Structures are given as structure tokens and as C-alpha cells.
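Q: This structure is in C-alpha cells; I'll ask about it shortly.
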Amino acid sequence: MFAIDHAATALLVKRRYPKVPLTPILIAVQAMELAWVALNYLGVERTATESTVRSVADIHLVYMPYSHSVGTPILAAVVAWLIIEKGFHRPMLGRAVSIGILSHLILDLLTHAHDIVLWPGLASPRLGLGLYAAAPFAAFIVELLYGILCWRVYRGSRALLALIVLANLANLSFFSASIPGPEQYLAGRPLLLVTTIFVQIVVTLVLVGALARRKDPSSSPARSPLVATNVIS
Ligand SMILES: [Zn+2]
């Protein structure tokens, strides 16, 4: 799943745990991807591309057993929950952070090619519904609708909706080989791809965080008391 829709997932978690600050939730939903960026830079995990890149299907997440196996985010979520809830006695924060970490795994399993192993060192099975490879345009529609759903559940501002829609549209060329876009410059440059995704992660987290804290002037606090809670949190 692309960065904007992982970031939008933080809105669902925030809605469930309104008293928990948004920033740790935003970091949690992208913890796996931030680990992937760091491990790619360090040369521990590896990404490859076809000789020409026309869509996301030409990008291969060849080796990422630490950041994107099934087991490691589950372990990270349990450890984070134990430390925050049992160690620091912040149960709501602990649950929100661990759910945020796990949300990334679930969303990637639904969209990725078969590239998610169960645990580092196990070569198979490789999980992932394969939506990016089999039906990239359907993946685009699913991601866009999912992002809008997150906004709807959160009852966010129109500016937040505009961000989610525009950021999804900005990725459109990645989902269709017939639509040319900046992805062509990523061919043979996997670390440029990693950097591009890192920038997307940071920009979408910052913008979703900023716009989620803003109240839409047209929304009614009487109808939606949670909006007011979100503004001051
Ligand atoms: Zn991911």
C-alpha cells in the first residue's frame, strides 16, 4: 500500500483512541516502511527493478524479511505494547501503537505481490494477495476508496480529503503501464526508489498529521464532538 493510505490508517486508530496523540500513531503505521528504508540504505534488505519501469509491477521487493515478514511486525507490536502499557502504564497509547504497527502488515498483505515471508530465514511461503501484479488499476481504486473511508470514519476536514485524493492521484501512473510518469526514472536505481518512498512517507505523515488537527469550519461540533477532541489533542 502506498504511503498516503498507510498514513490515512492513523485516522482510524485515532478515531478508536481519541485521547492518544496522533504523532505516535502516525509513526506506528509506517514503522515497517521506515525500517525498510533504513535497511535498504544499510544494504541489509534489497529492492530491484526491471530494466524499464512502467508500473508498480516492474518494481520487486526482492529481500525484506526483517521489515516485512509476518513475524517481525507482530513481535514489534507485542514488544511495543508490553513496554508502553506494562512498563509506562499508558494502556491506550500501547494499544494504539501496536494496532498501528499491525495495520501496516495487514494492508501490505492485501496489496503486495508474493513477497512477504513468515519469518526472517524462511524462504517460503511468500504471502501477499498479489493485487499490484495481477490488477494494478484495481489496486489503485481499492487504495483510493480505502483512504476516503479512513477520512470518512475520522470525519476529517475537506482539506484532509483533498490531500488523500490528490496524493492517491499522484500515484496513478505507478498503477498503469499505459500512463507514463516519474517511475520510468527509477529503472535500475533501487536506492532512488527507496529515497522517493522515504520522502513520500515523511510528507504524507506530516500533512495528514497537520490536516487531521484542523477542524473543518463547515463541520458541526454538536454533531461530531470527536472533531473538537481531535483539534486539541
Ligand atoms: Zn510496507
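None of the figures in this text is laboratory data; all of them are computed from the coordinates on show. As the structure is a prediction and not an experimental result, all values here were calculated from the model. As a convention, Cβ positions derive from the backbone with ideal geometry for all residues, glycine included, and neighbour counts pool all protein chains shown.
Q: Give me, ordered by chain and number, the residues 5 or more places off Arg126 or on other chains with an amide H under 5 Å from its own placed amide H.
A: none
Q: Can you tell me which of 172-183, 19-30, 97-108 comes out highest on packing, and rank the rest after it, using the mean Cβ neighbours within 10 Å?
A: Taking the mean over residues of other Cβ atoms within 10 Å, the ranking is 97-108, 19-30, 172-183.
Q: A further question on this structure: Normalising by the residue count of the chain, find the relative contact order in percent from Cα pairs under 8 Å and 6+ residues apart.
A: Contact order relative to length: 29 percent.
Q: With labels modelled as points extended 7 Å from the Cα through the Cβ direction, what inter-label distance (nm, one decimal) is found for Leu129 paired with Ser178?
A: 2.4 nm
Q: Could you order the peptides 187-193, 121-127 from most to least packed, using the average number of other C-beta atoms within 10 Å per residue?
A: For the peptides 187-193, 121-127, the packing ranking is 187-193, 121-127.
Q: Next question, about the same structure. Around His112, which amide H atoms from residues at least 5 apart in sequence, or from another chain, sit under 5 Å from its own amide H, with H modelled in the peptide plane?
A: It is Leu129, Gly130, Leu131, by chain and number.
Q: Divide, for the chain, the radius of gyration over alpha carbons by 2.2 N^0.38 Å, where N is the residue count.
A: That ratio works out to 1.02.
Q: Find how much the distance from Arg90 to Arg152 grows on full extension, using 0.36 nm per residue of separation minus their present alpha carbon separation; answer in nm with one decimal.
A: Gain in length upon complete extension: 19.6 nm.
Q: Which peptide among 154-165, 32-43 comes first, and what is the full order, when sorted by highest mean count of other Cβ atoms within 10 Å?
A: Order by mean packing, descending: 154-165, 32-43.
Q: Modelled label-to-label distance, Leu75 and Leu118, 7 Å Cα→beta-carbon offset: nm?
A: 1.5 nm
Q: When Lys and Arg each count +1 and Asp and Glu each count -1, what net charge do the other residues less than 12 Å away from Asn168, Cβ to Cβ, add up to?
A: Once positives and negatives cancel, what remains is -2.
Q: Let me ask you something else. Stretch Ile106-Val202 to full length: gain in nm at 0.36 nm per residue minus the Cα-Cα span?
A: 32.5 nm
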